[in-house]
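Notes to accompany the following structure.
Rule-based calculations on the coordinates, nothing more; no lab input. Treat the numbers as computed from the prediction; the structure is a model and nothing was measured. Quick reminder, even Gly has a Cβ in these numbers, built from the backbone with ideal geometry, and neighbours come from all protein chains shown.
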Amino acid sequence: MFTYKIHLHKEPEGGYTVTVPSLPGCITYGNDIDEALKMAKEAVELYIEELKSRGESIPDDSNTLEYSLTLQAV
């Protein structure tokens, strides 16, 4: 089992771009959050398949902690 943090970025024209920081270049898009999550799962699965076919190690985020900081502009 692998764990991945994903980032959903709301686009000005609508929809969400999804990036997976621990998998460089793993980017997808969905028209809404549900579709973005579905597309992210598919993109990660395909990315992992490609890594396996190349015999490369598979990174994951199971030991990564994530926090958000909110700062006021100065």
Environment charge at Pro21 (Cβ cut-off 13 Å; Lys +1, Arg +1, Asp -1, Glu -1): -2
Helix-only CD estimate at 222 nm, as mean residue ellipticity for the chain, using -39500 (n - 2.57) per DSSP H run (n ≥ 4): -10500 deg cm²/dmol
Residue-span extension gain [Leu37 to Glu11] - 0.36 nm each, minus C-alpha spacing: 7.9 nm
Where chymotrypsin sites (Phe, Trp or Tyr not before Pro) fall in DSSP loop in the chain, at most 13 other Cβ within 10 Å: Phe2, Tyr67
Charge dipole (debye, nearest 20) of the chain; +1 at Cβ of Lys and Arg, -1 at Cβ of Asp and Glu: 180 debye
Fluctuation leader among Pro24, Pro59, Pro12 - the chain, Gaussian network, Cα springs under 10 angstrom: Pro12
Of Tyr67, Met39, Val18, farthest towards positive along the dipole that unit charges on Lys, Arg, Asp, Glu beta carbons give the chain: Tyr67
Between 0 and 90°, nearest 10: helix 33-54 axis offset from the chain longest Cα axis: 30 degrees
Candidates Leu51, Leu37, Leu23: whichever shows maximal mean-square fluctuation once the chain is modelled as a Gaussian network with Cα springs under 10 Å: Leu51
Gained length - Ser57 relative to Met1, 0.36 nm times residue gap less alpha-carbon distance: 18.8 nm
